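Working notes for the structure below.
Nothing in this text is a laboratory measurement; each read-out follows from the coordinates by a stated rule. Since the model is a prediction, treat every value here as computed from it, not as a measurement. All Cβ positions, glycine included, derive from the backbone under ideal geometry; neighbour counts span all protein chains shown.
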Amino acid sequence: MELDKWTVWMKAQGLSSRTIGERLNTIRHLLTHASTDPLALTPEHIQAYLARDMSASTRATYHASIRAFTAWMQRTGIREDNPSDQTPRPKRPKSRPRPVEGTQLAALLVAANRKRTLTYILLGAMAGLRVHEIAKIRGEDIDPYTGVLTVVGKGGKVAAIPLHERLIQEAKDYPTHGYWFPAYGKQSARPHIASHAVSAAISKAMERAGFTGKPHQLRHFYGTELVRAGVNLRIVQTLMRHESPATTAIYTRVDVDQMRDGIALLALPKGA
C-alpha cells in the first residue's frame, strides 16, 4: 500500500517512469532483504542492505532512493521518524572521463553485426544519447528540414540538438513516423525496445571488437571529442544536456596534446 501511494507521489512530482521504476525496485529489494515492511524498517535494516558487496556508486544510488522513500513516509505522516537519518551517507566516488578511443570506435562499428546495433552505436557516439533515449527514438523526433533531434532525457527534460551529418544519412534508413526500434514480438508490453536490450547489444559488440567497456562510454566519447575539436565548453554542456559545467567535466577528458597546446600559448613578460 505504501509503495502504491509513493508511486502516485513520484508521478505527481513529474519524475520519469525510469526513475520511478528504479526507486521502487530498490525499496522492494530492501524490504525483501530485511524481511520487513515499511512501517517496521529500521536503520539497522538499511545499513545491512548497504553493507553488501557492491560498487561505491551503486551504494550511493541505493541510499539516495531509500532516503527519498523514508523522507516521504515522514513528510506524509506515515511514520514519525526517518530511519535513513540514522544511517551513514555513502560517498559517491568522483567519476573520471572514460571515453572509448577512436580506434575502439572504428572496431566497434565493424563489429556491429546488425543494422540496429550500428545505429545504436552511432547515436551514442555522434549524438551523445543515453541507452534509454536511444531505445525510444521515433521518426517524428527528427525535423527533416533542420536535422534537429528532439530528445526527452533524464527527468523528462526536453532538448533539441542538431544531428551530425552521418546520423542525418542514417535516419534515411528508418521510418519518418513511429519508433525506430520497435519491441520484438507481438506480446511485448512496450512499443519500443527496452533500454537494457540496447545496452546488451552494444556491450556484446564491444566484446566482439576485442575490448571491455560500457555503452555510456560512447557518450563520454561524444563530449571529449567536442572539447578536443575546440568547441566552447558552454556549447558542449548544452549539447550534452547538463545542468552544470561540473557534470560536463566528468564526461570530457583533456589529453596530453591538448595540455601541451595550451602551455604553448603561455608567454613570458617582455624582457624576461
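Over 28 Å between Cα atoms: which of LYS154/LYS214; LYS91/LYS136; LYS11/LYS94 fall into that group?
Details: LYS154/LYS214 19 Å; LYS91/LYS136 33 Å; LYS11/LYS94 30 Å.
The pairs that break the limit, which is 28 Å between Cα atoms, are LYS91/LYS136; LYS11/LYS94.
Among residues other than ALA40 with Cβ under 14 Å from its Cβ, the summed charge is -4 (Lys and Arg +1, Asp and Glu -1). Seen from a random direction on average, the alpha-carbon convex hull of the stretch 120-230 projects onto 8.1 square nanometres.
Straight-line reach from LYS115: which aspartates and glutamates fall under 13 Å, measuring Cα to Cα and dropping same-chain residues less than 8 apart? LYS115 reaches GLU170, ASP173.
Multiply the residue separation of ARG228 and ALA64 by 0.36 nm, subtract the distance between their alpha-carbon atoms, and state the gained length in nm to one decimal.
55.6 nm
Matching the structure-derived Cα extents along the principal axes in Å against the labelled list [x] 89, 38, 37; [y] 51, 40, 39; [z] 67, 66, 36 gives the label [z]. Rounded to the nearest 20, the size of the Cβ-charge dipole of the stretch 2-86 about its Cα centre is 340 debye, with Lys and Arg at +1 and Asp and Glu at -1. Straight-line cross-link reach from LYS172 at under 14 Å between alpha-carbon atoms covers these aspartates and glutamates, not counting any fewer than eight positions away in the same chain: GLU140, ASP141, ASP143. Charge dipole (Cα centre; +1 on Lys/Arg Cβ, -1 on Asp/Glu Cβ; no other charges) of the stretch 102-260 amounts to roughly 440 debye. Straight-line cross-link partners of LYS5 among the aspartates and glutamates, defined as a Cα under 19 Å from its Cα and at least 8 positions apart when in the same chain: GLU22, ASP37, GLU80, ASP81. With a cut-off of 17 Å on the backbone N, the residues of the stretch 25-52 near the modelled label site 7 Å out from ARG92 along Cα-Cβ are 26.
Summing +1 for each Lys or Arg and -1 for each Asp or Glu among the other residues whose beta-carbon sits under 13 angstrom from that of GLY210 gives 0. For the stretch 2-86, what class follows from the C-alpha gyration tensor (a ≥ b ≥ c being the square roots of its eigenvalues): rounded when a/c is under 1.5, otherwise prolate if a/b is larger than b/c, else oblate? Oblate is the answer for the stretch 2-86, as a/c is 1.5 or above yet b/c matches or exceeds a/b.
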